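The values are calculated or read from the model by the stated rules, or taken from the named source; none is laboratory data. Everything numeric in this text was worked out from a predicted model, so none of it was measured. Please note: Cβ atoms are built from the backbone with ideal geometry, for glycine as well, and neighbour counts cover all protein chains shown.
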Amino acid sequence: MDIVINFSSGLCLFIGSFLCVSGGIGILRFPDFYTRMHAVGVTGTLGAAMILIGLMLHSTDLLVFAKLVMILLLTLLLSPTTSHVLAKAALHNGLMPKLSQNTLEQSSLDLKSKETASSKF
Amino acid sequence: MIDIVLLTLLLVVAIAIIRMKDLFAVIMLSGIYGLLSASFFVAMDAVDVAFTEAAVGAGISTLLMLVVITMTGRSENTTRHKPFPALLLVVITGGLLIYGTLDMPYFGSADAPVHSHVAPRYINDSMQEIGIPNIVTSILASYRAFDTFGELVVIFTAGVGVLALLSIVRRPIKGDKIAAVNDSMHEQHLVIRIVTKILLPFILLFALYVQFHGDFGPGGGFQAGVIFAAAIILYAMLFGLSTARIVINQAFIQLIAATGVLLYGCVGLVSLLNGGNFFDYNFLSNDAIAGQHLGILLIEWAVGCTVASVMIIIFFNFADYRERQLSNENQHNQESP
Amino acid sequence: MNLSLELMLQLSIIVPLSATLVIVATGDKPNLREGVTITSCLILIYLVVNLYQGLSLGATISVFWWELLPGLTVSFAIEPLGMLFALIASFLWLVTSCYAIGYMRCHQEKNQTRFYSYFAIAIGAVIGLAFSANLFTLFIFYELLTLSTYPLVTHAGTENAKQAGRTYLGILLSTSIVFFLLAIVSTWFVAGTLDFKLGGIFYADVDKVMAGTLLVLFIFGIGKAAIMPFHRWLPAAMVAPTPVSALLHAVAVVKAGVFIIVKICVFIFGLDLLSVLPTTQFLLYLAAASVLLASLVAMRQDNLKARLAYSTVSQLGYITIGALLATSSGIIGSSMHIAMHAFGKITLFFCAGAILVSLGKAKISEMRGIGRQMPLTMLAFFIASLSIIGVPPTGGTWSKWFLMMATLETEQWLLMVVLMFSSLVNVAYLLPIPFYAFFPVLLSNRESNKAPNQYSSKAAPVGNILTGRQIKEAPLPSLIAIVITTLGCLTLFIYPQPLFDLASAVLSIRE
Amino acid sequence: MISHLPVLQVIVPLMAAPICLIFKRAQLVWLFSLLVSGLTFLISILLLQQVMTSGVLSYELGGWQAPWGIEYRIDKLNAFLLLIISAISTIVLFAAQTSIEKEIDKNKHTLFYVLYLLSLTGMLGIVATGDAFNVFVFLEISSLSSYALIAMGKNKRALWASYQYLIMGTIGATFILIGVGLMYQMTGTLNMQDLSQRLPEVAQTRTVFTAFAFVIVGVCLKLALFPLHHWLPNAYAYAPSIVTAFFAATATKVAIYLLIRLTFSVFGLSFSFTTIPLQSLFMALGLIGIFIASISAIYQNNIKHLFAYSSIAQIGYMIVGFSISTVTGLTATLLHVFNHALMKCAIFLALAAVMYRLDDVQLNNFHGLGRQMPLTMAAIVVAGLSLIGMPLTVGFVSKWYLLSALLEQGWWPVAVLILLAAILTVVYLWRIIEVAYFKQPLVDNAAVKEAPILFLVPIWTLTIANIYFGIDTRLSVQVAQAAAQSLFGLTP
Amino acid sequence: MLIGLFNNWIVVILMMIGLYIVIAHGNLIKKIVGLTLFQTSVFIFYISMAKVVGGTAPILADDIIQYSNPLPHALILTAIVVGIATIALALSLVIRIKAAYGSIEEEEIQRQDNQIQADKKERKQA
């Protein structure tokens, strides 16, 4: 029985770490801020979740297991929010995403109109 | 091995801080520096210190600096102030220090005088004398309770100092104005407000957990206070300073800060009046160990209150000053468009 | 009322100091204030005379006040030299006060209360200085004297009064801090005690070079003795009103300086150690130089008070030479010269003040023929200058006689020549003033056309030298003071016995 | 209760600070802090008596034995310092309320008193404690409250001065922390008494040498010794005048105490004066400091700047006395600590009175002040004379001891230099006196009256103390002598 | 030999970087960051002193025999809080300086100070 648990926890850990590594590569390869942000946001959350699940499987006593569950819930809640906030702040400060040539003019127009409406504060 | 890696990372971050011109990046790097040093402390088995460094070094100090640069602008002028005399001075002090390290006991050697003279008693006898597993808390709260009292007064002085420098007489804002600010904020930070509404109770709960778990694991008054303050600051940032002021009014917070210090002092006075020396918890109740527990509990509670209220005072005054400046600028712009 | 001698000693210091409070209290009523000054002078004289009688009966009077540091006490003891100085100071205080009443009233000086109160403090400091039993008490009153005379020097409050005050205080304070205090502390350290003892307080085997440097430090330290390099403050203090310069240059400050020099030579070093020190010779020549140079400079001074100031500098040189010659006749000569010079010089200053008040003349060149208007003052001037020069009918002869004897005993021929020559120079700068005052017409023709002719018209017309009878003498109290001091000069010649006994008692040579 | 005096000395003002924060009315808070400061003064007197009769007092905090817990060791040296600090703070507090009415706005008065009491606690804590790390903690309390107090000055340059002081002060405190850390590493203990026993074995190692260097540099930063004094003039000139009066008389004295305690009690006389050429180094720094500070004092227009530089010069005197490293030399330093506190506190309180009336202390504000504020000006004159070292004043006593200490060692050139420096003191004092008594008052401050009674009482008690302790030196000399002898190990 | 002291040398270098920033950089906030660097590296020095190879965190558990030294941990807890207190006060000073001087560069502030000094002197002469 514990072989199955060991194997599955090893598998989860492996997937988790693979995701994190891919996130890292993503940062290096992608051209601009938003795409990099996307790479890290997605892989970060999932990778961390997988590693935690792997640890849960691996853990022995209940207390550690409970703590790991709490941490899992927290990361699932938090990391998407952080990436959202990061993107919002970048946009708010006027960082333009790098688009292909033709859609550039069109999107910047409606962006301006939205911009003036929202930033009263 | 891990600490070598962390140290080199710290070195890289430090050099980056020198090179950077943009203050925002420098502050972020100093936050990272705090986090790295916290993880180094974990590698060095100093869990309590790691907790505090993460909460204070990485958390609050970065936060406060960010609030300040929103007021003072982000760019640093290019010319170096006076690089060469500074370099010379630094090389001399560095050389002296390295000269000093030559005779130091090797890193982690068990027979160093540090481990052989005063420390063994803490490790061996603290269970019988005080009876709590976390030796650091037992030193902090009982063996060297006066140090912590001094440190609490330092925090209290910083709070009073910031009050003395930045506090301004508040004009009560009318009810409807708060609502206006509220909904504009709502529309702005919809996602974070929802998430914080979920998270806030857990953060406060976690703070209380850390507060009372100090005897058994890493934690204690300081960390709990800082986490508690972080929760309030998060609330203030997202739901507007004026609403936060209604939730936590300033006079009350100052009162708590003062009572925290008084509580700490009174624990000492009570033990004094019961016949022991100052801060001698054995005299707090008939059984020595129970006295120690009671003493440490009260002390941690006092520290938690004061640190939380002082951090809140500091943040609210910083944010208040910023808000007043913004409102002055707006009036200024309206007067001369 | 028979107070114990010790109590009288303490009272003699406390009376002048406390007089200041009373004077300040009665500040607004001038007559009452003057009365208080005069009564305090009389009380002081009464006390000092009693002390003198007690001393001459052989009583040793000493008082202990408090101990500042272990071994360092503030205590007083009377010995003949101190007695002599105190007698002069208290007597001349009376005379100067009544002179000042006349001078101040007539000259309408402002804030006179401040003048009289600081005057009293200065005298209190002088008495304390005279009776101090050790160097430390002496230093306290020395500094008190400097500080209390500063407001007197800068009494006028004008810009050059401030300037003069700055040089006055600058020199006196810096010499006293740098040299005098250093000398006192080193003596305290070398000799172990500061109390005055007749044969000197140094052990026999004290190393000569150290004692020599100490002597130099002492001589330079006492700025008030106006030895050449540090005499600048004396002419600078001329800006003060005349009673003050009279007080400074005849009674209190300068006399205190030389008094301390004599006291140190006799009671700290002791005559035998003094004669053998390597630096004594150098200091003797220095004093001689200051005698000569000062009198030469005095000759060229046109302002009367400046001339008298430089003459004081040279006369003080006499006393220092007398002290440093380290022979008994030298000491007697110098202590007697303190008295003689005091009476002589104070009269000269009174006359100068009288001339300034009544005729408004300060320059000597304008003083031709004033004998007509102020016969009595000029006569007093004549007698006093005789005493300064050292000619028989006045007291100055005795002191100069003993000084000459001292130079002979020690075969210091060069010094003897210097003394002789400077007496001649004294004649050159003192006698012409009364001479031209009485006989303006006898000027030789050559001189008359050189002198600015505007003078001749202003003075009494040449024709009626005898008939020009508009006598404009000094105000009455000043005149009385002048007469008393002139008589003092004369009596000191006729009846010098008590002064001589006191002077010789200094070295306790009692036949 | 008598046996608990050492800890009560620090706890009373410490507990008073938060209590002051709770009641808001400034008038009440002023009286309360005055009462507390008086109580501290009383405790320090009782402590001094106890120490003089029964020798060293040791008080284990928390009931734990010495090297494990924190221990308060009160011997003659720190009892003497405790007395000075609490006496000065009580006297300064008399004039506090009237002075800050004009210099600090209304709603910050309570905060001022809280910070004042905290800085008093910090200083008392540094002096009373016997534990090396505890010194660092209380050093931070007193420094932090002094940064905040200085920054409350009216003039905007108080902020910049306080910032500079903060940077240099924190660097100094961190140097001390490094030094204490190195000492702890080599000996394993933090208690000063224990350190002094265990340091000689490891004294020859390079680490202890570096620890000594760092701690001394840290203390010299706090001391404003010559090369590290740049923060002091601005900090004292632009701070509220009551704060300057309090710090001028106590802050640097605490640093001097630390220097003496470290070199004599912790590192031991032999180590600190033979293995390291501390003697000649400090003698040179002290003398240069005296001359440069006195000369720059002459050219100052702002009178507070002038007397701040003169404080640096007086510290130079103390350092010269300290560097003689003989019993008389140390007695001279301790005497000068006591005397300088009296002199400078009187002068700065008088300046506070002038500031209260004229709102500025430039040289041209002093025109004709001799007539308009006679009592205040007279106090400045007497305190100035005591600064010069006139007999019958405290300045003379310390100068006498310093000179005899120097001559005992035969260093008469240093003695001559010290006396020449006294002339410089005369020069810059007389600049003020001439302006005050000879110049006519400028037309605009013609309506200036004498300082209020609440100023005159403290100023004149200090001036009379200046003269009284110049005459009856039993207290100051005996205690200083006994302290010096106990530090040199020869029990009196 | 190297590993033993390498740790300390890096800490010393970190300290010196912190000190360099404080002294060399004119910007007030940069100085404060330099100060935090300097103090945090001192804490690292203390904690690396307390580590015992093979020891665990100083929390008493029955199966562990070797613990790291808890005393420096207690000291550093105090020092961290002292550090943040100083930083908070320094930042509030920076805010007030910005409001009063309008800039947080050392040269600018020094220039304005000398400016005030200069025209005060002219007023005195006038």
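Miscellaneous remarks
- In the set (1) closer than 27 Å to D:Ala132 by Cα; (2) in contact (Cβ under 8 Å) with a residue 24 or more places away in the chain, the condition left unmet by E:Lys51 is number (2).
- Taking the stretch E:10-40 as the range and being more than 7 Å from chain B (Cβ to nearest Cβ) and among the basic types (Lys, Arg) as the test, only E:Lys31 passes.
- When the stretch D:367-405 is filtered for residues that are hydrophobic (A, V, I, L, M, F, W, C), within 26 Å of the chain's Cα centre (by Cα) and more than 9 Å from every other protein chain (Cβ to nearest Cβ), the ones remaining, listed by number, are D:Leu375, D:Met377, D:Ala378, D:Ala379, D:Ile380, D:Val381, D:Val382, D:Ala383, D:Leu387, D:Val394, D:Leu402, D:Ala405.
- Of all residues in the stretch B:30-51, those that are closer than 11 Å to B:Pro218 by Cβ have Cβ atoms under 7 Å from Cβ atoms of residues that are of a type in the set (Phe, Trp, Tyr) and in a helix (DSSP H, G or I), 6 or more apart or on another chain, in B:Val49/B:Phe41; B:Ala50/B:Phe41.
- Within the stretch E:41-55, the residues that satisfy the criterion of being assigned to a loop (DSSP other than H, G, I, E, B) and either facing chain B (nearest Cβ under 7 Å) or buried (at least 24 other Cβ atoms within 10 Å of the Cβ) (or both) are E:Lys51, E:Val52, E:Val53, E:Gly55.
- Verdict on B:Ala43 being over 24 Å from B:Ala207 (Cβ atoms), surrounded by 23 or more Cβ atoms within 10 Å (Cβ to Cβ) and over 18 Å from the mean Cα position of the chain (by Cα): no
Residue-wise test of (1) more than 24 Å from D:Leu117 (Cβ to Cβ); (2) touching a residue at least 12 places away in the same chain (Cβ under 8 Å); (3) polar (S, T, N, Q).
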{"position": "B:Ile256", "(1), (2), (3)": "no, yes, no"}
{"position": "B:Gly260", "(1), (2), (3)": "no, yes, no"}
{"position": "B:Tyr264", "(1), (2), (3)": "no, yes, no"}
{"position": "B:Val267", "(1), (2), (3)": "no, yes, no"}
{"position": "B:Leu273", "(1), (2), (3)": "no, no, no"}
{"position": "B:Gly276", "(1), (2), (3)": "yes, no, no"}
{"position": "B:His293", "(1), (2), (3)": "yes, yes, no"}
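- Long-range neighbours under 8 Å by Cβ, at least six apart or interchain, first residue touching a residue at least 12 places away in the same chain (Cβ under 8 Å) and closer than 19 Å to D:Gly122 by Cβ within the stretch D:136-161, second among the β-branched types (Val, Ile, Thr) and not in a helix (DSSP H, G or I): D:Phe138/D:Thr129; D:Met152/D:Ile104
- Here C:Leu442, C:Leu466 are screened, and the one residue that is over 34 Å from the mean Cα position of the chain (by Cα), modelled with pLDDT under 50 and loosely packed, with under 12 Cβ neighbours inside 10 Å is C:Leu466.
- Under the condition of being assigned to a loop (DSSP other than H, G, I, E, B), of a type outside the set (Lys, Arg) and surrounded by 24 or more Cβ atoms within 10 Å (Cβ to Cβ), the residues counted in the stretch B:118-167 number 1.
- Residues (within 12 Å of chain D (Cβ to nearest Cβ), of a type in the set (S, T, N, Q) and farther than 22 Å from E:Met49 by Cβ) located in the stretch B:117-145: B:Ser142
- Residue that is farthest from the other protein chains (Cβ to nearest Cβ) [pool: residues in the stretch D:27-38 that are surrounded by 21 or more Cβ atoms within 10 Å (Cβ to Cβ) and among the hydrophobic types (A, V, I, L, M, F, W, C)]: D:Trp30
- Summed over the stretch D:60-74, the residues that are within 9 Å of another protein chain (Cβ to nearest Cβ), part of a loop (DSSP other than H, G, I, E, B) and within 30 Å of the chain's Cα centre (by Cα) give a count of 3.
- Of all residues in the stretch C:147-172 being crowded, with 24+ Cβ neighbours inside 10 Å and closer than 18 Å to C:His231 by Cβ, the one that is farthest from the other protein chains (Cβ to nearest Cβ): C:Thr149
- Within the set E:Gln110, E:Gln66, the sole residue that is on the phi < 0 side of the Ramachandran plot and free of Cβ contacts under 8 Å to residues at least 12 places away in the same chain turns out to be E:Gln110.
- Qualifying positions in the stretch D:391-404 - small (Gly, Ala, Ser) and more than 20 Å from D:Ala341 (Cβ to Cβ): D:Ser404
- Lone unmet requirement of (1) without any contact (Cβ under 8 Å) to a residue 60 or more places away in the chain; (2) away from chain B (no Cβ under 14 Å); (3) crowded, with 23+ Cβ neighbours inside 10 Å for D:Gln50: (3)
- Pairs linking a residue in the stretch D:216-233 that is in contact (Cβ under 8 Å) with a residue 40 or more places away in the chain and among the β-branched types (Val, Ile, Thr) to a residue that is in a loop (DSSP other than H, G, I, E, B) and surrounded by fewer than 22 Cβ atoms within 10 Å (Cβ to Cβ), with Cβ atoms under 9 Å and 6 or more positions apart or on different chains, are D:Ile216/D:Ile276.
- Residue match in the stretch B:13-34 (condition: surrounded by 14 or more Cβ atoms within 10 Å (Cβ to Cβ), in contact with an Asp or Glu (Cβ under 7 Å, 6 or more places away or on another chain) and under 24 Å from E:Tyr20 (Cβ atoms)): yes
- Residue match in the stretch B:166-176 (condition: closer than 22 Å to D:Ala17 by Cα and modelled with pLDDT of 85 or more): yes
- Boolean, B:Phe84 is within 12 Å of chain D (Cβ to nearest Cβ), farther than 30 Å from E:Arg96 by Cβ and surrounded by fewer than 21 Cβ atoms within 10 Å (Cβ to Cβ): no
- The residue that is farthest from the other protein chains (Cβ to nearest Cβ), counting only those in the stretch B:98-116 that are assigned to a loop (DSSP other than H, G, I, E, B) and more than 11 Å from E:Asn69 (Cα to Cα), is B:Asp111.
- Lone qualifier among D:Ser44, D:Ser3, D:Ser89, D:Ser99 - being in a helix (DSSP H, G or I) and within 14 Å of another protein chain (Cβ to nearest Cβ): D:Ser3
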